[in-house]
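The values are calculated or read from the model by the stated rules, or taken from the named source; none is laboratory data. In this text, all values refer to a predicted model and were calculated from it rather than measured experimentally. Counting neighbours? That spans all protein chains shown, and the Cβs are built from the backbone with ideal geometry, glycine included. Only protein heavy atoms, including side chains, enter the accessible area calculation; ligands, DNA and RNA are left aside. Shrake-Rupley method; radii C 1.70, N 1.55, O 1.52, S 1.80 Å.
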Amino acid sequence: MSVDYDPFSHEAMKDPHPIYDKLRAVGSPVFMEKYNAWALARFADVWECSTKHEKDITFTAGQTPEQVLLGAPVPDTFMTKDGQAHRQWRGLIREDYTPDGVKVHAERITGLVREMLEPLLAKGEMDVYKELANRVTCINAGYMLGLPPEDSETWRALIDGMLEREEGQVGGGSETNQAAVGQLFGYFFEYIGKIRQNPELAGGHIKTFMEAEIDGHKLSDEELAFYIFSLLVTGSETTPITVAGVMYYLAQNPEQKAQVVADPVKVRKAFTETLRIDQPTNMLARKAVNDFELNGAEIKAGQGLLYLYASANRDEEEFESAAQFDMNRETERDLSFGRGGHKCLGLHLGTLMGCIILEELIAAIGDFEVVEDQCERLYGEHLSGFGKVVIRWDAANAKLR
Ligand code: HEM
């Protein structure tokens, strides 16, 4: 069976799941001639490629579909390095992201969530993505980097502008996208200029990367700007999509919602299950550097590989009733944060932030409903899930716990 799949088609960018079902039914990776690349839609394919073939692939050709499939420029950061260089540069900030490393941020993040949440409670209605979750994760990403918190709304809007896709748009080349990237980098260069002049103003990861020297190499202004950019995007994008998704899926499943409303700590299970059923990193891409065999596919050096995480996470061969939301399910393996040496650096921080936002919110508002016709899913190839989820609650009885 052959399936005609183009990750940049309108159909796939609008709702990839019907086509993911067909791709998985093929039973092995599917070749996309147009891009000289393979689509890995099954859990087993993504898992095996991530665990057994790291030496056969490179990250230097980029991580996004746009970079690997369309040849968009690849910023040089630890995310696009292989082997030892990757470990050394990622290692500079690794300790801040271990389970113990993120624990020190719990109190500060809880304070931030309460500060953002309090003025919203009397409204009785909000878009949980935009008005709460996204604001918290943006401010926190800036905090970890050492950027001024008062600028967070500015870079948030610019990241949105950069990722926005119009119907049928292939890649990020629209005027809106380019203008947003230009302004974002303008902001970074101005900030870097300021801290190069006054190093005592630098803090967080920016200070660490600015001062680092590995194998005689120090980061140029441009390289430093790419580190800031990449960490700002990865640190702020996926968690709020998941938070919005949790509220959506709980509202769709009233019995599970009742369990969480009665005991908000249980929202952790809902967070994990939302990541599975609606993986926000829809897909990431790699390039093969050696020939190898993968579950029936003969991969050749130089070919691209698309890891379709959102598809793998709904694979019936791995998860029973995979398209159903069940926060009490037990899973043996997961790909929600990737796998292998490049596994998500921020997995403990993302989980911590997401669960604090959700716990504080549900503890404060109690029962809630979702305004279905005001929810919107993201359109595009790279990220998936809800970019808008409007919820309603009883404002008269809402209060911070
Ligand atoms: C629910 C939230 C999140 C999800 C679902 C998620 C998912 C992922 C996935 C699937 C990858 C690819 C891993 C691989 O290649 O095997 C990744 C990489 C990465 N994530 Fe996350 N992420 C989340 C939150 C965060 C946060 C809060 C940060 C904050 C710093 C972060 C930083 C990164 C970085 C730096 C990488 C690249 C790692 C590398 O190449 O070494 N992520 N993430």
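All of (1) surrounded by 17 or more Cβ atoms within 10 Å (Cβ to Cβ); (2) in a helix (DSSP H, G or I) hold for Ala25 with one exception: (1). Name every residue in segment 28-43 that is touching a residue at least 12 places away in the same chain (Cβ under 8 Å), outside any strand (DSSP E or B) and away from the ligand (no atom under 16 Å from the Cβ), in order of residue number. Result: Ser28, Pro29, Lys34, Tyr35, Asn36, Arg42. In segment 93-116, is there at least one residue being more than 13 Å from the ligand (Cβ to nearest atom), surrounded by 15 or more Cβ atoms within 10 Å (Cβ to Cβ) and hydroxyl-bearing (Ser, Thr, Tyr)? Within segment 93-116, one or more residues are more than 13 Å from the ligand (Cβ to nearest atom), surrounded by 15 or more Cβ atoms within 10 Å (Cβ to Cβ) and hydroxyl-bearing (Ser, Thr, Tyr).
Residues satisfying the criterion are absent from segment 156-168 (criterion: exposed (fewer than 13 other Cβ atoms within 10 Å of the Cβ), among the hydrophobic types (A, V, I, L, M, F, W, C) and out of contact with any Lys or Arg (no Cβ under 8 Å at 6 or more places or on another chain)).
Considering only residues in segment 250-280 that are within 19 Å of the chain's Cα centre (by Cα) and open to solvent by 30 Å² or more (accessible area, probe 1.4 Å), the one that is nearest to Glu381 (Cα to Cα) turns out to be Thr272. Restricted to segment 312-357, and to residues there that are over 15 Å from the mean Cα position of the chain (by Cα) and polar (S, T, N, Q), the residue that is farthest from the ligand (Cβ to nearest atom) is Ser321. Of all residues in segment 64-73, none satisfies being free of Cβ contacts under 8 Å to residues at least 12 places away in the same chain, more than 20 Å from Glu223 (Cα to Cα), open to solvent by 30 Å² or more (accessible area, probe 1.4 Å) and under 22 Å from the mean Cα position of the chain (by Cα).
Tell me yes or no: at least one residue of segment 44-57 is open to solvent by 30 Å² or more (accessible area, probe 1.4 Å) and of a type in the set (Phe, Trp, Tyr). Yes: one or more hits. In this structure, Pro240 does satisfy being part of a helix (DSSP H, G or I) and buried (at least 20 other Cβ atoms within 10 Å of the Cβ). Residues in segment 243-287 that are outside any helix (DSSP H, G or I) and in contact (Cβ under 8 Å) with a residue 40 or more places away in the chain: Asn253, Asp278, Gln279, Pro280, Thr281, Asn282, Met283, Leu284, Ala285, Arg286, Lys287.
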